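Nothing in this text is a laboratory measurement; each read-out follows from the coordinates by a stated rule. Because the structure is predicted, anything quoted here is derived from the model rather than measured. Neighbour counts run over all protein chains shown; Cβ positions are idealised from the backbone, glycine included.
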Amino acid sequence: MQIQLRDSENQTIRDRGLVYDVLKGIADTLNIDMISGSATGRYVGVCLRPASGSDKLRSRKNGRRINAVCYHGHLAFMQGIFEQYPLSIVKSTVTKYDGAADFQRAYDMGENNVGSMMYPQEWQYACDCLEYADFNGEIEMDLIPQGRHK
């Protein structure tokens with residue numbers, strides 16, 4: 001994921017240390033690990049991974065744990081970015097969000113197929129997060145178990 005933080009005057013924040021600290025803070029509040037990647041131009045690259053030993057925000061395939069953050073984890077991470085810096089730009093391999101207003105279409109991305117043609121699976125169902133959703137469909141993050149899946 002490539003991220004360009006922009007301030008309230010729509011200027012790119014060039015201090016890579018500050019950008020990394022902001023993104024690391026968002027990842028830490030979600031209890032996910034963030035691996036910093038290369039910086040390309042004005043963008044900072046990051047990779048998200050589930051916290052070691054945690055099932056929170058972890059993708060699954062056929063009941064198996066995968067070392068990847070699920071759709072809901074990516075969504076929450078990007079929400080954190082746009083809450084603090086609404087004019088930021090986030091690019092992934094799938095799409096690009098140009099500011100908080102454009103980010104609203106991210107909710108439709110959960111319907112993308114991450115399975116195969118034979119065994120399709122929507123991205124939003126490739127984890128256990130929806131087991132912890134309330135009646136409004138909001139994920140209750142505090143209810144998701146932190147320990148290893150038994």
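In table form, for the structure just shown:
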| quantity | calculated |
| --- | --- |
| Stretchable slack from Arg65 to Arg105, in nm (0.36 nm times residue separation minus alpha-carbon distance) | 11.6 nm |
| Potential extension, Arg16-Ser38 segment - 0.36 nm per residue separation minus Cα distance | 6.8 nm |
| Alpha-carbon Rg with Dmax, taken over segment 5-75, Å | 14.2, 46 |
| Overall Cα dimensions of segment 2-140, principal axis frame, Å, largest first | 44, 31, 30 |
| Inter-label distance for Thr93 and Arg49, nm, one decimal - labels placed 7 Å from Cα along Cα-to-Cβ | 1.6 |
| Within-11-Å neighbourhood charge of Leu87 [Cβ basis; K, R +1; D, E -1] | -3 |
| Proximal charge balance of Ala100 [Cβ under 13 Å; K/R count +1, D/E count -1] | -1 |
| Assigned charges on the beta-carbon of Lys, Arg, Asp, Glu; segment 2-140 dipole about Cα centre (debye) | 680 |
